[in-house]
Amino acid sequence: MSRGAFPILFITSNRIGDAVLSSGLIKRLSDEIPNARFTIVAGPVAAPLFEEVPTLDRIIVLAKAKNRGHWIELWQQVRSTRWGLVVDLRGSGLSRFVSTRRRAIWRKGSGPPVHKVIEAARILKIEDDPAPPFIFTTPETEARADELTAGFGPILALAPAANWLGKTWPLERFSRVAMRLLDPEGPMKGGRLMVLGGPEDAKLAKGLRDVVMRNQFINLTEDTDLLTAYACLKRARLF
């Protein structure tokens, strides 16, 4: 860490969705603290989202261990640093004991539920001006996304997989929606279909392969990293 840096320990979610929704806090802190340097703690699935944060010192992947041993391991990695700020979106006990000038720790509210972006903003007391989600990408990642999405026509993006059965929509319904939108008489006529997911979702992508012509199909389920998939998603007309 460079001399004069303001070290921030940022503990975020295990889940991609929750990590994205609170990601704007990193952008806000980067903008307001010019010498900020981040150590970001995230679960194995969400950690790649933060690999291109320009003020990043380190990512610590918090993989769950038996008897909450992952928190002990994390403590051993962060206890020797005198932090400028600790932001803990997990509300862990660890953040109360590390050495820091200031703490911003999530606590369960007693009022009605609020949007996750507002919930994250409350941690920094900026709920009147909440930070919208923001994921940093490099020019190289954006160029790769340009290559993968090169072609003509608007892009319809679908993510047919879900992390549990109750959130899963039948594949045939995704197929019907895509066909209606991309139909020659539909609102996205002449468009292309982009399918997102992990390698384990490749079978679902193949199930949607026949919706469009071969040169109109973009499959991002096989070997596309998370940040490149995000950059591609920015190029979609509808998700």
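Residues to consider are Leu148, Leu94, Leu165, Leu124; find the one that is in contact with a Cys (Cβ under 7 Å, 6 or more places away or on another chain) and either within 25 Å of Ala46 (Cα to Cα) or exposed (fewer than 12 other Cβ atoms within 10 Å of the Cβ) (or both).
Leu148
Mind checking which residues of the range 1-34 are more than 19 Å from the chain's Cα centre (by Cα) and acidic (Asp, Glu)?
Asp31, Glu32, listed by residue number.
Taking interchain pairs and intrachain pairs at least six residues apart, which have beta carbon atoms under 6 angstrom, with the first residue in the range 149-175 and in contact (Cβ under 8 Å) with a residue 24 or more places away in the chain and the second surrounded by fewer than 16 Cβ atoms within 10 Å (Cβ to Cβ) and in a loop (DSSP other than H, G, I, E, B)?
Hits for this filter: Gly153/Gly190; Pro154/Arg237; Ile155/Arg237; Ala157/Phe239.
Listed here are the residues, each with its yes/no results for (1) more than 21 Å from the chain's Cα centre (by Cα); (2) at pLDDT 95 or above.
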{"position": "Ile60", "(1), (2)": "no, yes"}
{"position": "Leu74", "(1), (2)": "yes, no"}
{"position": "Ser80", "(1), (2)": "yes, no"}
{"position": "Val87", "(1), (2)": "no, yes"}
{"position": "Arg90", "(1), (2)": "no, no"}
{"position": "Gly93", "(1), (2)": "yes, no"}
{"position": "Thr138", "(1), (2)": "no, yes"}
{"position": "Glu142", "(1), (2)": "no, yes"}
{"position": "Leu148", "(1), (2)": "no, yes"}
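Would you point out the residue of the range 78-110, among those that are in a strand (DSSP E or B) and in contact (Cβ under 8 Å) with a residue 24 or more places away in the chain, that is nearest to Pro7 (Cα to Cα)?
The qualifying residue nearest to Pro7 (Cα to Cα) is Trp83.
Kindly provide the set of residues from the range 162-199 that are at pLDDT 90 or above and among the aliphatic types (A, V, I, L, M), ordered by number.
Answer for the range 162-199, where residues must be at pLDDT 90 or above and among the aliphatic types (A, V, I, L, M): Leu171, Val177, Ala178, Met179, Leu181, Leu182, Met188, Leu193, Met194, Val195, Leu196.
Among Thr137, Thr141, which is the only one that is in contact with a helix residue (DSSP H, G or I) (Cβ under 9 Å, 6 or more places away or on another chain) and part of a loop (DSSP other than H, G, I, E, B)?
Exactly one of Thr137, Thr141 is in contact with a helix residue (DSSP H, G or I) (Cβ under 9 Å, 6 or more places away or on another chain) and part of a loop (DSSP other than H, G, I, E, B), namely Thr137.
Starting from the range 48-61, keep only residues that are assigned by TED's automatic domain parsing to the domain that holds Asp31, then list their pairs with residues that are of a type in the set (S, T, N, Q) and surrounded by 16 or more Cβ atoms within 10 Å (Cβ to Cβ) whose Cβ atoms are within a distance under 6 Å, requiring at least 6 positions of separation or different chains.
Qualifying pairs under 6 Å: Glu52/Thr137; Thr55/Ser30; Asp57/Thr39; Arg58/Thr39.
The values are calculated or read from the model by the stated rules, or taken from the named source; none is laboratory data. In this text, all values refer to a predicted model and were calculated from it rather than measured experimentally. Positions of Cβ are generated from backbone atoms using ideal geometry, with glycine treated the same way; all protein chains shown enter the neighbour counts.
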